[in-house]
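Notes follow once the structure below has been shown.
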Amino acid sequence: MKSIPFIIHQVPGRVRVRVHRLTYDQPFAMAIQEHLNTVEGIKKVRLNCWSASIIIHYEINKNLNIKSQIIAVINNVKKGNISRQINSTNKGENLSAWSSLTYPGLATIISLAALKIRLPGLRLIAILMLLKAALPVLNRAYDSVINKHKLNIDCLDSLALIFSGLQGKIVTPALVITLHELGDIIREKTARSTEAKTSNLLDTIGNFAWVEREGKIISIESNTVQVEEIVVVYPGEKIPVDGIVIKGRATIDQQQLTGESMPIVAQQDTYVYASTLLRSGEIRIKCERVGQKTRAAASFNLLQKAPVHDTRMANYAANLAEQLMMPSLLLAAIMLTVTRDASRVASILTLDFVTGIRVSMPTAFLGALNHTTRHGILVRSGRTLELLSEIDTIVFDKTGTLTQGDIKVVQIETVAQGLEPDKVLQIAASAEQRITHPVAEAIANYAQGKKIEILPRQAWDYEVGLGMVATIDGKTVLVGSQKLLTSKGVTIIETVKMQENADLSPVYVAYDGICQGIIYYNDPLRPQSAKLIHHLQQNYGMEVHLLTGDNQKRATEVAKQLNIDPSQVHAEAFPEDKAKIVQALHHEGKTVAFVGDGLNDSVALAYADVSISFENGSEIARETADVVLMNNDLSDLLEAIAIAQQTKQLITQNTVMVVAPNMAALGLATTIGLNPLLATLIHNGTAIMAGLNSLRPLVQHKLESNLK
């Protein structure tokens with residue numbers, strides 16, 4: 001049912017159609033747009049996924065049945081085909097990622113076969129495969145020495161390959177290259193792409209604007225609006241510029257920009273911002289800032305300037321290689337001078353300590369990432385896990401993060417000897433039916449949950465910023481602010497007392513000229529928020545901050561409920577303010593995690609050491625975040641931290657497991673001698689053991705799942 005469209009606004013040549021599925025299914029949205037563009041008579045199609053709508057410009061002389069065309073397109077869009085195309089592409093990418101194992105793998109298999117099978121040319125084929133596999137290693141070593149004037153692990157690998165090759169050995173160098181490539185592939189699979197996947201600015205603030213020019217209202221690209229031009233904004237549209245309202249009244253949802261859960265009422269002299277959504281009403285704005293100069297653009301610019309870390313996991317192997325490079329080379333040179341034994345030299349160069357870590361550490365991270373995925377937690381890189389185990393300060397956005405982000409009715413207070421609470425709810429929900437304002441939707445949802453019958457509404461008039469005036473059963477019903485009731489001559493009876501609670505907001509209900517009660521609503525906390533904060537403070541000793549674009553009063557009330565120190569509450573913060581606060585904490589030497597879900601959080605997410613968001617958060621928040629809670633369950637954060645700390649312990653174990661045997665083997669190689677193949681087996685055997693140790697949590701998890 002959610003895919004069924006309905007027209008919400010239409011003028012000749014232009015229609016706006018709402019399709020709720022657009023808000024959460026991007027492939028579906030893209031397919032809809034592509035198919036509509038092929039319909040004869042349709043000139044232009046524009047998606048507005050935030051407001052779940054499609055704007056269609058069509059030829060007036062074409063007698064189009066727009067709604068039937070939309071339904072036909074939806075029925076023809078086969079999302080399964082899109083998924084298959086995406087999956088097919090992903091399979092191709094996966095095959096490409098493993099292609100570097102082709103030549104070293106073939107060299108290893110053929111060289112082993114050549115030891116048993118005496119076929120003419122088999123050894124030659126193995127040698128050619130080995131040369132092909134070794135060429136990238138030799139090229140990297142050459143580039144490092146000649147162009148960068150620096151020795152790296154490829155230099156040691158190249159020398160080991162050369163000395164083994166001079167002795168006519170094939171199996172040993174082939175096996176070494178195979179294991180090295182395997183380690184690199186696993187490491188790359190734990191890496192996060194360094195390209196920032198941010199939304200296009202025009203998609204955020206709107207691609208077009210209605211402007212008044214020469215007495216006419218015309219549609220132009222939003223970034224071509226001139227300063228001081230008059231911009232007209234209609235219901236369901238995003239405001240395309242920053243400016244001052246000069247005419248009209250409207251309810252504006254600023255949550256994506258400021259985090260404020262409650263819509264504001266904009267009227268003359270109110271300053272409004274690009275990217276915010278006009279829920280109801282109509283306004284004219286005198287443009288002051290356009291495109292890159294808007295506040296929304298400033299947030300994007302901060303995001304692009306955010307520090308870009310090496311998003312591959314911290315490469316301990318490379319650091320260790322640099323420390324041991326010269327000692328290994330000096331020791332090999334001494335042994336070559338003293339013994340003239342190329343085999344012993346190859347053994348020493350093979351035992352570089354690094355290969356085991358190059359294989360086991362990525363395996364540890366890959367195992368941990370798979371472990372988190374099984375728990376519904378997407379962690380984008382090994383580096384994120386590493387930092388997640390070290391965080392000492394965690395900053396939470398309020399709206400949609402610690403709270404549910406949806407307004408809910410929590411209480412109904414009625415006058416003495418007046419209507420029953422359910423009757424007050426019934427007339428309020430009946431008056432507010434099919435209104436898209438968040439409070440109206442909350443009342444309607446609350447009534448639906450209580451299975452309250454919705455009565456027919458004979459007439460209605462929504463007054464922006466005040467509330468609803470409707471006729472039900474021939475009686476006038478008022479649902480809105482205290483100002484609405486007094487403007488209609490209804491007295492607020494003194495027995496109806498306002499709740500002394502900063503976290504509750506009132507909606508007054510009058511029936512047939514008499515105030516009957518108040519419906520209280522708020523943005524409630526997530527059920528797991530209090531327990532999570534307590535656990536972080538008591539069990540992990542973390543410093544917890546609350547950071548929000550909401551007002552100070554609500555922020556303080558929420559912090560009080562969660563036992564967060566008032567000094568660690570930061571309210572009325574725009575995106576750039578949030579980034580500054582996160583940066584300030586970081587400059588104090590803290591390792592900071594930030595948890596948020598909206599566009600307004602994306603800058604702070606980018607500046608945090610570890611950024612955390614939700615699967616149902618805004619697209620840019622999901623793409624910016626290092627950790628995404630796919631189940632939208634805040635308590636999963638504790639599981640992610642536990643897995644990160646377990647992974648850190650595994651890495652320490654693996655380092656000892658690799659270094660100790662290789663140190664002993666190195667002692668043998670420099671004293672009594674050690675066969676290069678045996679050195680390779682010890683060297684790579686420890687890598688395999690450490691790799692298996694890295695996968696231990698996954699095995700344990702699987703066994704526990706089977707037992708359950």
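The values are calculated or read from the model by the stated rules, or taken from the named source; none is laboratory data. Bear in mind the structure is a predicted one, so any value in this text is a computation, not a measurement. Neighbour counts run over all protein chains shown; Cβ positions are idealised from the backbone, glycine included.
Numbers for the structure displayed
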| item | result |
| --- | --- |
| Residue under evaluation residue 673, criteria (1) assigned to a helix (DSSP H, G or I); (2) touching a residue at least 40 places away in the same chain (Cβ under 8 Å); (3) among the small types (Gly, Ala, Ser), criterion not met | (1) |
| Within the stretch 114-135, considering residues that are without any contact (Cβ under 8 Å) to a residue 24 or more places away in the chain and in a helix (DSSP H, G or I), the one farthest from the chain's Cα centre (by Cα) | 116 |
| When residues of the stretch 624-636 are limited to those that are under 15 Å from residue 609 (Cα atoms) and not hydroxyl-bearing (Ser, Thr, Tyr), the one surrounded by the fewest Cβ atoms within 10 Å (Cβ to Cβ) | 628 |
| Residue among 251, 276, 258 that is among the polar types (S, T, N, Q), crowded, with 18+ Cβ neighbours inside 10 Å, in contact with a Ser or Thr (Cβ under 7 Å, 6 or more places away or on another chain) and modelled with pLDDT under 90 | 251 |
| Sole residue being of a type in the set (S, T, N, Q) and surrounded by fewer than 16 Cβ atoms within 10 Å (Cβ to Cβ), chosen from 411, 433, 426 | 411 |
| Single residue of the stretch 170-226 satisfying the filter (farther than 30 Å from residue 101 by Cβ, of a type in the set (D, E, K, R) and not in a strand (DSSP E or B)) that is modelled with the lowest pLDDT | 203 |
| Exclusive hit being small (Gly, Ala, Ser), assigned by TED's automatic domain parsing to the domain that holds residue 548 and not in a loop (DSSP other than H, G, I, E, B), set 604, 640 | 604 |
| Residue satisfying condition, being more than 30 Å from residue 552 (Cα to Cα) and modelled with pLDDT of 90 or more, within set 510, 459 | 510 |
| Within the stretch 353-366, considering residues that are surrounded by 24 or more Cβ atoms within 10 Å (Cβ to Cβ) and touching a Leu at 6+ places or on another chain (Cβ under 8 Å), the one modelled with the lowest pLDDT | 355 |
| Wholly within the stretch 472-589, strands (runs of 3 or more DSSP E) carrying at least 1 residues that are free of Cβ contacts under 8 Å to residues at least 60 places away in the same chain | 475-480, 505-511 |
| Qualifying residue in the stretch 439-447 (condition: surrounded by fewer than 17 Cβ atoms within 10 Å (Cβ to Cβ) and among the hydrophobic types (A, V, I, L, M, F, W, C)) | no |
| Hey, residue 453 within 21 Å of residue 504 (Cβ to Cβ), of a type in the set (D, E, K, R) and either surrounded by fewer than 24 Cβ atoms within 10 Å (Cβ to Cβ) or not assigned by TED's automatic domain parsing to the domain that holds residue 551 (or both) or not | no |
| Residue 530 being surrounded by 20 or more Cβ atoms within 10 Å (Cβ to Cβ) and assigned by TED's automatic domain parsing to the domain that holds residue 398 | no |
| Some residue of the stretch 149-158 being crowded, with 16+ Cβ neighbours inside 10 Å, in contact (Cβ under 8 Å) with a residue 60 or more places away in the chain, touching a helix residue (DSSP H, G or I) at 6+ places or on another chain (Cβ under 6 Å) and more than 24 Å from residue 678 (Cβ to Cβ) | yes |
| Residue satisfying all of: in the stretch 373-426; in contact with a helix residue (DSSP H, G or I) (Cβ under 6 Å, 6 or more places away or on another chain) and of a type in the set (Ser, Thr, Tyr); nearest to residue 582 (Cα to Cα) among these | 393 |
